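Here is the structure we will look at.
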Amino acid sequence: MKNGKIRPYEPLLMTFHRLGDALLGACLFLFLSWFYEMFMPSYLIAAVLIFLLAFLVFQRINIYHSWRVASLRHEVDQIIIGCVVVYILLLLVGYSLKVSQEFSRRVVITWMVSWPLLLGLERYIVRAALRHYREKGYNIRRAVVAGVGEMGDRVASWIDDNPWSGAKVVGFFDDWKTGAVKNYPILGTFETLSEYVRRNNIDIVYIAISMKGEEKIQAMLAGLADTTASVYLVPDLFLYDLMLGGNLLYFDETPVISLRETPLQGFNSLLKRTEDIVLSVFTLLLTSPLMFLIALGIKLTSRGPVLFKQWRYGLDGHPIEVYKFRTMTVCENGYEFRQAVQCDPRVTAFGAFLRKTSLDELPQLINVLQGRMSIVGPRPHPVALNESFRQKVPGYMLRHKVRPGITGLAQVNGWRGETDTIEKMEKRIEYDLEYLRQWSLFLDFKIIALTIWNGAWRVNAY
């Protein structure tokens with residue numbers, strides 16, 4: 001199976017899509033004014049306003065979802081709503097400024113009809129291309145369905161009927177059924193679901209059982225918390241009146257609620273990555289003389305390499321190699337290690353200074369530039385520490401739904417340093433998951449500011 005051809009570029013493609021929709025509206029308006037020989041400078045000003053309004057309005061009404069789970073009809077409906085909102089705003093601006101009479105009705109009406117038609121046609125063509133691309137096995141996400149029944153069958157059938165969604169159902173899990181369902185194998189019971197997902201790198205889990213089976217759902221969620229799979233609940237009619245929270249998606253007429261999904265999708269992912277690149281490049285340029293002096297100090301005060309490299313868990317739980325300035329006389333790789341404690345004899349004199357000021361973390365800016373880490377996010381733990389706590393702290397692995405960070409919400413709230421008790425780790429995970437739930441660009445800048453202002457690097461650093 002050929003995976004990952006498009007997925008790494010989805011944020012960039014989605015951004016081009018946002019810009020393209022707005023640009024199409026503006027350019028089409030200018031073209032029609034030229035075609036009907038009505039062009040004046042006021043048409044250029046109106047085109048700029050169309051671009052700005054379309055860019056803001058289309059994003060506001062959530063047109064730009066992943067096409068894996070959004071039907072063409074639903075997206076066209078959203079496009080029509082967005083266009084109508086833009087039309088109303090333009091009319092309000094025109095009448096309030098008393099300039100509406102300067103524009104040809106023929107140009108305006110033709111534009112109002114043709115713009116949404118072209119946007120819908122563009123969606124159809126792109127989806128057809130994606131269908132062809134994904135039918136060949138590219139960019140496929142592997143999924144399983146928990147629950148044999150009407151809702152589970154509808155999910156599997158929808159995925160089969162819409163190959164452009166980029167998902168492939170591997171099989172079902174159920175406590176009562178054996179054999180196969182609609183040519184899909186029964187892979188195990190609800191109890192074995194999380195182990196199968198973890199061992200076979202399943203990307204998506206759809207829970208499609210009656211909400212009356214609350215205990216079973218809770219047990220499955222508890223087990224899946226030890227994976228990085230995206231989890232969706234396919235509700236039955238019992239839940240329809242309670243849909244006030246979570247992200248609600250539709251497989252045609254079948255509602256699906258995302259329970260565990262990264263907040264950094266589409267445009268948000270590009271924003272986050274742009275923030276990381278800009279800040280890491282700027283900070284590396286600013287601190288490069290200091291980093292040279294630190295490297296020289298390490299070489300002059302102790303034997304060993306300048307950089308300390310350690311394996312930790314990154315995005316979606318995949319191992320990454322994290323860089324730090326060496327502060328100890330040993331170089332443990334993360335799979336076997338012992339946490340640093342106060343007055344640790346392994347820490348060199350110069351290393352103690354680096355750890356106290358967190359200057360040993362500066363090489364992680366290179367990790368950020370590489371795309372392994374982020375400036376802000378849950379701090380990456382050594383592999384051995386992850387394996388020690390992933391079964392003990394509920395939701396521990398969910399912190400890996402985003403890239404790990406140099407600083408994070410837990411750190412600015414004082415939860416940094418040695419985690420020698422499960423209570424300390426639980427508190428750190430609590431803040432990490434809160435960061436995922438509340439993520440925004442503003443929150444990132446707030447955490448960066450608090451890190452600098454409050455001296456969060458000095459708390460529990462030894």
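The values are calculated or read from the model by the stated rules, or taken from the named source; none is laboratory data. Here the structure is a predicted model, which means the values were calculated and not measured. Every residue, glycine among them, receives a Cβ derived from its backbone with ideal geometry; neighbour counts consider all protein chains shown. With ligands, DNA and RNA removed, areas are computed over all heavy atoms of the protein, side chains included. Shrake-Rupley method; radii C 1.70, N 1.55, O 1.52, S 1.80 Å.
Here are a few things to note about the model shown:
- Test for Lys424: is it out of contact with any strand residue (DSSP E or B) (no Cβ under 8 Å at 6 or more places or on another chain), outside any helix (DSSP H, G or I) and farther than 28 Å from Leu296 by Cβ: no
- Annotation note: Cβ proximity below 9 Å between a residue of region 417-446 that is of a type in the set (Gly, Ala, Ser) and a residue that is open to solvent by less than 30 Å² (accessible area, probe 1.4 Å) (sequence gap 6+ or interchain) occurs for Gly417/Ala340; Gly417/Ala461.
- Hey, Leu365 closer than 24 Å to Leu285 by Cβ, in a helix (DSSP H, G or I) and open to solvent by 60 Å² or more (accessible area, probe 1.4 Å) or not: no
- Number of residues in region 293-330 that are in a loop (DSSP other than H, G, I, E, B) and either of a type in the set (A, V, I, L, M) or open to solvent by less than 70 Å² (accessible area, probe 1.4 Å) (or both): the value is 8.
- Residue match in region 410-433 (condition: within 14 Å of Gly314 (Cα to Cα) and open to solvent by 20 Å² or more (accessible area, probe 1.4 Å)): no
Condition check ((1) acidic (Asp, Glu); (2) at pLDDT 85 or above; (3) out of contact with any Phe, Trp or Tyr (no Cβ under 6 Å at 6 or more places or on another chain)) across all residues:
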site	(1), (2), (3)
Ala46	no, yes, yes
Ile80	no, yes, yes
Arg105	no, yes, yes
Trp111	no, yes, no
Arg127	no, no, no
Arg131	no, no, no
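- Against the conditions (1) under 26 Å from the mean Cα position of the chain (by Cα); (2) without any contact (Cβ under 8 Å) to a residue 60 or more places away in the chain; (3) assigned to a helix (DSSP H, G or I), Gln59 satisfies every one except (2).
- Counting only strands (runs of 3 or more DSSP E) that sit wholly inside region 214-265, those with at least 1 residues that are open to solvent by less than 10 Å² (accessible area, probe 1.4 Å) and modelled with pLDDT under 80 are 247-251, 254-260.
- Condition broken by Arg399, with the remaining ones in (1) crowded, with 24+ Cβ neighbours inside 10 Å; (2) more than 13 Å from Phe389 (Cα to Cα) satisfied: (2)
- Extreme residue, surrounded by the fewest Cβ atoms within 10 Å (Cβ to Cβ), among residues of region 439-451 that are at pLDDT below 85 and part of a helix (DSSP H, G or I): Phe442
Residue by residue, here is whether (1) buried (at least 18 other Cβ atoms within 10 Å of the Cβ); (2) in contact (Cβ under 8 Å) with a residue 24 or more places away in the chain; (3) of a type in the set (Lys, Arg) holds:
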| position | (1), (2), (3) |
| --- | --- |
| His74 | no, yes, no |
| Ile81 | no, no, no |
| Met112 | no, yes, no |
| Gly120 | no, yes, no |
| Ile125 | no, no, no |
| His132 | no, no, no |
| Lys168 | no, yes, yes |
| Gly179 | no, no, no |
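- A single member of Glu135, Glu122 is charged (D, E, K, R), within 34 Å of the chain's Cα centre (by Cα) and at pLDDT 85 or above, and it is Glu122.
- Taken over region 368-388, the criterion of being open to solvent by 10 Å² or more (accessible area, probe 1.4 Å) and hydrophobic (A, V, I, L, M, F, W, C) is satisfied by Leu369, Ile375, Ala384, Leu385.
Yes or no, residue by residue, for (1) more than 30 Å from Gly223 (Cβ to Cβ); (2) hydrophobic (A, V, I, L, M, F, W, C); (3) at pLDDT below 85:
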position: His318; (1), (2), (3): no, no, no
position: Tyr323; (1), (2), (3): yes, no, no
position: Thr329; (1), (2), (3): yes, no, yes
position: Cys343; (1), (2), (3): yes, yes, yes
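- Restricting the first member to region 27-46 and to residues that are within 16 Å of Met112 (Cα to Cα), and the second to residues that are open to solvent by 70 Å² or more (accessible area, probe 1.4 Å) and part of a loop (DSSP other than H, G, I, E, B), the beta-carbon pairs closer than 7 Å and six or more apart or on different chains are Ser33/Phe39.
- Here Ala352 meets the list (1) of a type in the set (Gly, Ala, Ser); (2) over 26 Å from Ser194 (Cα atoms); (3) buried (at least 20 other Cβ atoms within 10 Å of the Cβ) almost entirely, failing just condition (3).
- Being modelled with pLDDT of 90 or more and of a type in the set (A, V, I, L, M, F, W, C) is not true of Phe16.
- Members of region 174-207 that are within 29 Å of the chain's Cα centre (by Cα) and either of a type in the set (Lys, Arg) or assigned to a loop (DSSP other than H, G, I, E, B) (or both): Arg198, Arg199, Asn200, Asn201, Ile202, Asp203
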